[in-house]
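Take a look at the structure set out below.
The values are calculated or read from the model by the stated rules, or taken from the named source; none is laboratory data. Since this is a predicted model, take the numbers as computed values, not measurements. A quick note on method: Cβ atoms are made from the backbone with ideal geometry, for glycine too, and the neighbour counts reach across all protein chains shown.
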Amino acid sequence: MAELQTSEVVNIIIIGSMGMLILCVGFAVFIALYQRRMFQEQEKRRIMDLEFQNKMIQLQIDSTETERKRIAADLHDSIGSLLWAAKLNIAFLGRSVDFSGELKDSYSETMRMLDQSVDSVRRISWELTPEAFNHTGLASSIKEFCTRLDGKGQKVIYEESGRSVFWKDDRALMVYRIVQELVNNAVKHAQANVIRVRLKWSAQALDVEVSDDGVGFVLNDKVRSGVGWWNITNRSNKIGAKLLVKENTPKGAAIELTVPLES
């Protein structure tokens, strides 16, 4: 009888232990499934947030391009036309009236200022939205941009190597905007004598480098929070490009952009 009671006790202990083990395993499985579900929900939420951010960035980029085109059109069609009409009227006066002395000097100075104003409106309009981009593509547009800035306070040198690709889609326009922003930053802040823009083509990617011999470049919090750098980084991310900043080079600075080319 004692042996039977002992056996029952042992069975009860074994059954209880197995029950506890099953309960623990079940609880562990429940925790694992719950954690997996939570991870999936977090990942889903992260992807949704990323997609939303990408959509907002794209909307802002599209809005910026639309605004650039509108301003460029207004400059060209209204202010440009008015300046050109004023120049024609002044030129007509010059042919109709025999200016001499101070009047002749004033006439010549006015014509010179009008010529400069017309050229400035054309340059600004072109920089806002390069008219020939869809016809000449990325490389030629960057070259033309460098040519227009060359000699305006610093030397801007354009260099290209590899087999050039005629590229004019939205990704190409973003690359152009990035280069434009980098060069303009160098012009405004680098105190450089020479700015170089290098394009190196390969089958897989386009490597772009903007360098200068100025005071150097440090990517601090102030620069990171600026609108210009925000535009550069977001455009780079949007096209899947890799951005490399060379800080405090021996003289000047260099920023490299590697853009994968779609096959």
(request) For region 137-155, enumerate the residues that are more than 19 Å from residue 242 (Cα to Cα) and touching a Lys or Arg at 6+ places or on another chain (Cβ under 8 Å). (result) 137, 148
(request) State whether one or more residues within region 169-176 are part of a loop (DSSP other than H, G, I, E, B), without any contact (Cβ under 8 Å) to a residue 60 or more places away in the chain, closer than 15 Å to residue 235 by Cβ and of a type outside the set (Ser, Thr, Tyr). (result) yes
(message) When the residues of region 178-234 are narrowed to those that are in contact with a Lys or Arg (Cβ under 6 Å, 6 or more places away or on another chain) and among the charged types (D, E, K, R), which ends up modelled with the lowest pLDDT?
(response) 213
